[in-house]
Amino acid sequence: MLRIRCPFCGDRDHAEFSYGGDASVERPPLDHDSREDWYRYVFVRANPKGRHREYWQHVHGCRSWLVVERDTGSHAILGVESAAGSLEPARDG
Amino acid sequence: MKYSAWQLFRQALGGHRGWTEAWRKAEPKAGYDVIIVGGGGHGLATAYYLARNHGITNVAVLERGWIGGGNVGRNTTIVRSNYMIGGNTPFYEWSMKLWEGLSHELNFNVMFSQRGQVILGHSADQMQAHLRRANTMRAHGIEAEILDRRAVQRELPYLDYSQRARFPIHGAIVQRRAGTARHDAVAWGYARAADRLGVDIIENCEVQDFAFEGGRITGVETSRGTIRADRVGLAVAGHSSQVAQRAGIELPIESHVLQAFVTEPIKPLVDHVVAFGAEHFYISQSDKGGLVFGGDLDGYNSYAQRGNLPIVERVAEIALALAPCFSRLRLLRHWGGVMDMTMDGSPIIDRTPVEGLYFNGGWCYGGFKATPASGWTFAHTIANEAPHALNACYALDRFRQGHQIDEAGTGPVPNHH
């Protein structure tokens with residue numbers, strides 16, 4: 001079992017969380033018209049063996065989205081923070 | 001040495017001391033016409049069909065570990081061709097046809113057992129979906145059968161047909177030609193057959209980098225030195241992203257861990273390959289008697305080749321919802337393998353932006369059944385520098401073009417396929 005230290009709820013089993021994938025991909029602005037950039041955002045992943053920044057949502061807890069840094073080779077969790085700081089507020093398209 | 005009843009008889013008289021090694025322990029030469037990176041089922045099959053179908057015998061298969069030690073030996077050995085999306089249906093059916101003659105073709109018993117695959121249906125709506133699948137298959141000349149609840153109960157009496165069943169069984173779709181094969185025998189059989197045609201199989205030889213000249217590939221750097229080749233094919237399964245990155249290629253792939261399980265051996269009980277329709281769960285019984293089964297991915301990126309307990313618990317719960325009679329079986333072992341999950345759940349067999357470099361991967365967790373057709377079409381792609389009609393849809397740039405093959409219909413989320 002992975003243990004994720006939720007900044008709001010403390011140490012919890014990863015079974016309480018839902019995985020949200022690679023947190024390093026950046027969504028282009030909605031009016032961005034480069035097809036290549038949208039392609040890379042939707043499909044291309046670095047898929048590193050080692051440190052990986054990834055989203056997890058504490059669905060069976062406080063429901064916050066978190067950014068977890070985890071080693072994909074050993075499953076060791078290196079850091080957890082709230083995703084709120086890393087996300088820009090949604091803009092009107 | 002050709003294997004035959006006569007050979008067995010002859011060797012028996014000599015106390016079985018005369019059997020020769022199944023393939024040579026080849027030393028790497030300075031160069032080859034084609035190098036295949038990865039000595040799993042797909043890489044070995046590719047080398048075999050390069051030699052057999054295209055007359056290209058100056059081929060090396062480079063394997064980091066040993067033959068049969070990768071994902072070809074970690075899967076749940078299921079072979080079927082009941083796919084529904086355009087592109088998949090003919091590809092997997094061609095694979096099935098190759099499976100049907102494979103033991104004779106390779107002169108090696110791969111123990112292909114066409115015991116039938118049963119996918120259960122748990123509602124009237126799901127039976128409609130199964131009927132649609134059956135009709136799609138029939139339109140492609142693939143036999144499919146629909147069973148009602150009573151017929152399922154007659155054939156699979158050990159499932160839960162009581163009032164308490166969480167997901168009542170309404171019926172099933174069956175492909176009688178589907179089944180299982182002995183997975184390591186497939187690797188050994190292809191290795192031996194390729195070796196007999198002159199292919200060098202080089203174990204304990206890790207590819208660490210590629211050599212280029214003017215944007216064209218000229219060879220590979222390995223743990224056993226530089227080996228030249230104008231054409232290099234990658235078939236490295238879970239580590240596709242890692243190896244392709246060395247050649248500067250980014251892939252629409254994430255690596256995820258999938259677990260598989262086997263129980264202690266019991267007398268014959270599960271006669272078919274059975275898939276639960278209400279959850280992701282599949283089970284068959286090995287020739288040794290163990291029940292072999294699996295479920296979903298753990299769900300997060302991983303290269304660790306080990307899974308986690310929540311999936312163990314969940315798969316066990318599903319098994320008991322399907323067949324309460326499994327409840328007292330002890331789990332003998334379980335293990336994890338690394339899957340290269342693509343963004344649409346379908347594989348990639350294609351050229352790459354690097355001239356002379358070819359890519360075969362992204363098999364998610366359906367690669368075993370595809371082994372013969374994957375080798376067949378990848379060999380064609382390398383020999384002709386153009387895809388075969390059967391893998392034309394498995395293009396690397398289909399994601400950019402919007403031509404995804406999303407059999408599960410779950411979108412660009414690798415852990416949902």
Any hit, the range B:214-235, residues being away from chain A (no Cβ under 14 Å) and at pLDDT below 95: yes
Selection count where residues are surrounded by fewer than 24 Cβ atoms within 10 Å (Cβ to Cβ) and among the aromatic types (Phe, Trp, Tyr), scope the range B:25-77: 1
Test: residue in the range B:329-345 that is modelled with pLDDT of 95 or more, farther than 30 Å from B:Gly86 by Cα and within 13 Å of chain A (Cβ to nearest Cβ): yes
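Select, from B:Val220, B:Val186, the only residue that is outside any strand (DSSP E or B), buried (at least 16 other Cβ atoms within 10 Å of the Cβ) and among the hydrophobic types (A, V, I, L, M, F, W, C).
Working: B:Val220 fails: outside any strand (DSSP E or B).
Criteria check complete, one pass: B:Val186.
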Selection within the range B:382-409 - away from every other protein chain (no Cβ under 13 Å), more than 21 Å from B:Glu93 (Cβ to Cβ) and open to solvent by less than 50 Å² (accessible area, probe 1.4 Å): B:Ile382, B:Ala383, B:Ala386
Sole exception among (1) open to solvent by 10 Å² or more (accessible area, probe 1.4 Å); (2) touching a helix residue (DSSP H, G or I) at 6+ places or on another chain (Cβ under 6 Å); (3) polar (S, T, N, Q) for B:Thr371, by number: (1)
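For the range A:4-22, give me each residue that is more than 11 Å from chain B (Cβ to nearest Cβ) and in contact (Cβ under 8 Å) with a residue 24 or more places away in the chain. Walk me through how you get there before you give the answer.
Applying the first criterion (more than 11 Å from chain B (Cβ to nearest Cβ)) to the range A:4-22 yields A:5-12.
Matches in the range A:4-22: A:Arg5, A:Cys6, A:Pro7, A:Phe8, A:Cys9, A:Arg12.
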Hits in the range A:35-59 - residues which are within 12 Å of chain B (Cβ to nearest Cβ) and assigned to a loop (DSSP other than H, G, I, E, B): A:Val44, A:Ala46, A:Asn47, A:Pro48, A:Lys49, A:Gly50
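Here's the yes/no breakdown for (1) out of contact with any helix residue (DSSP H, G or I) (no Cβ under 7 Å at 6 or more places or on another chain); (2) not in a helix (DSSP H, G or I):
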site: B:Phe9; (1), (2): yes, no
site: B:Trp19; (1), (2): no, yes
site: B:Pro28; (1), (2): yes, yes
site: B:Tyr32; (1), (2): yes, yes
site: B:His42; (1), (2): no, no
site: B:Trp66; (1), (2): yes, yes
site: B:Val72; (1), (2): no, no
site: B:Tyr92; (1), (2): no, no
site: B:Trp99; (1), (2): no, no
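Looking at B:Met339, is it in contact (Cβ under 8 Å) with a residue 12 or more places away in the chain, out of contact with any strand residue (DSSP E or B) (no Cβ under 7 Å at 6 or more places or on another chain), under 25 Å from B:Ala408 (Cα atoms) and of a type outside the set (Gly, Ala, Ser)? Write out each step before concluding.
Numbers: in contact (Cβ under 8 Å) with a residue 12 or more places away in the chain: yes; out of contact with any strand residue (DSSP E or B) (no Cβ under 7 Å at 6 or more places or on another chain): no; under 25 Å from B:Ala408 (Cα atoms): yes; of a type outside the set (Gly, Ala, Ser): yes.
So B:Met339 does not fit the description; no.
Say we look at the range B:334-356 and pick out the residues that are aliphatic (A, V, I, L, M) and open to solvent by less than 10 Å² (accessible area, probe 1.4 Å); which of these is nearest to B:Arg314 (Cα to Cα)?
Quick first cut of the range B:334-356, residues aliphatic (A, V, I, L, M) only: B:338-339, B:341, B:343, B:348-349, B:354.
Narrowing the set further to residues that are open to solvent by less than 10 Å² (accessible area, probe 1.4 Å) leaves B:338, B:341, B:343, B:348-349.
Details: B:Val338: 19, B:Met341: 21, B:Met343: 25, B:Ile348: 31, B:Ile349: 33 Å.
Residue satisfying both the conditions and the ranking: B:Val338.
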Conditions (1) free of Cβ contacts under 8 Å to residues at least 60 places away in the same chain; (2) at the interface with chain B (Cβ under 10 Å from one of its Cβ atoms); number of the one not met by A:His75: (1)
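For the structure I just gave you, tell me whether B:Ala178 is in contact with a Ser or Thr (Cβ under 8 Å, 6 or more places away or on another chain), crowded, with 22+ Cβ neighbours inside 10 Å, touching a residue at least 40 places away in the same chain (Cβ under 8 Å) and within 20 Å of B:Gly73 (Cα to Cα).
Numbers: in contact with a Ser or Thr (Cβ under 8 Å, 6 or more places away or on another chain): yes; crowded, with 22+ Cβ neighbours inside 10 Å: yes; touching a residue at least 40 places away in the same chain (Cβ under 8 Å): yes; within 20 Å of B:Gly73 (Cα to Cα): yes.
Against the criterion (in contact with a Ser or Thr (Cβ under 8 Å, 6 or more places away or on another chain), crowded, with 22+ Cβ neighbours inside 10 Å, touching a residue at least 40 places away in the same chain (Cβ under 8 Å) and within 20 Å of B:Gly73 (Cα to Cα)), B:Ala178 qualifies.
The values are calculated or read from the model by the stated rules, or taken from the named source; none is laboratory data. Computed from a prediction, not measured in an experiment: that's the story for all the values here. Note that we place each Cβ from the backbone using ideal geometry, even for glycine, and neighbour counts take in every protein chain shown. Calculation scope for accessible area: heavy atoms of the full protein, side chains included, ligands and nucleic acids excluded. Shrake-Rupley method; radii C 1.70, N 1.55, O 1.52, S 1.80 Å.
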